[in-house]
């Protein structure tokens, strides 16, 4: 079946989302995130688009882009291809890294553009992995710098005020406000809901199992793999979805293992074990 052509934004503005295949983590450490930022910068130089916001989360990325040359597909293809090649080589893995084509949502007015940028910046808070104004891998703090190498912040700041210093203050205040769009399920679908940070859990795996390449868990024999999954399930703050994201093991397999760990008495109507 032929792909449906994307409908272009009338003002060339797009909210782009790319995520790991099966929602698996695709940014394991800072080196991975740095690599993605380098490829983003190279694509920006080649295709001459404007970048208004970004955030790199463990298993997905948000970008806000102005593409006046109608090359959004070429832009994302280059970024996804080069990063996939890097990740597969580094972690000795094969196959797709990203979940299909990138997702894009058109932005058709400036007020909505402001909200989307705020939404992107607030992702770390919503995911419970850090405060938006301290998170290293987003464009939020670029707006308070005198110069940014990658973010075209002046276009956005002028939406708040012509005086840049005043605009920065208003920009920061805007991020502290409650959003009227918080019930937008289309966006919320991509958020990560976990109490324990993915990077913390990966470090635990590295230290306790001596497995340094997280993707190697998929290559283990079933018995050893299941023992590791049992250990992860016993760690306070982890969830089935989070373990699946990190290891690439399907949710169904992890659910089956978890069910084996639940005492039979917990499955009775009153949940009380017989003495």
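Any idea what the relative contact order of region 57-162 is, in percent, if you count C-alpha pairs under 8 Å spaced at least 6 apart?
So the answer I get is 19 percent.
So how do 26, 56 line up by other beta-carbon neighbours within 10 Å, fewest first?
56, 26
Taking 8 Å as the Cα distance limit and 6 or more residues as the minimum spacing, I'd like the relative contact order of the chain as a percentage.
20
For region 198-267, what does the relative contact order come out to in percent, with C-alpha contacts under 8 Å and a separation of six or more?
Once normalised by length, the contact order is 27 percent.
Once you treat every alpha carbon in the chain as an equal point and sum by Debye, what is log10 I(q)/I(0) at q = 0.07, 0.09, 0.10, 0.14 Å⁻¹?
-0.30, -0.49, -0.59, -1.04
What is the fewest-to-most order of 119, 14 by other Cβ atoms lying within 10 Å of their Cβ?
119, 14
Would you mind telling me which residue in 253, 243, 28 has the biggest mean-square fluctuation in a Gaussian network model of the chain, where springs connect alpha carbons within a distance under 10 angstrom?
Sorting by GNM fluctuation, first place goes to 253.
Please label the shape of region 64-133 as rounded, prolate or oblate, based on the square roots a ≥ b ≥ c of the eigenvalues of the alpha-carbon gyration tensor (a/c under 1.5 means rounded; beyond that, a/b larger than b/c means prolate, else oblate).
Oblate, since a/c reaches 1.5 and b/c is not below a/b.
Could you work out the percent of alpha carbon pairs in region 198-267 separated by over 21 Å, rounded to a whole number?
18
Quick one: helix 164-176 against the long Cα principal axis of the chain, what's the angle to the nearest 10°, folded into 0 to 90?
The angle comes out at about 30 degrees.
Where does the chain land at 222 nm, in deg cm²/dmol rounded to the nearest 500, when only DSSP H runs of n ≥ 4 count, each adding -39500 (n - 2.57), divided by all residues?
Computed mean residue ellipticity for the chain: -13000 deg cm²/dmol.
None of the figures in this text is laboratory data; all of them are computed from the coordinates on show. Every value quoted in this text rests on a predicted model; they were computed, and no experiment measured them. No Cβ is skipped: glycine too gets one built from the backbone with ideal geometry, and neighbour counts run over all protein chains shown.
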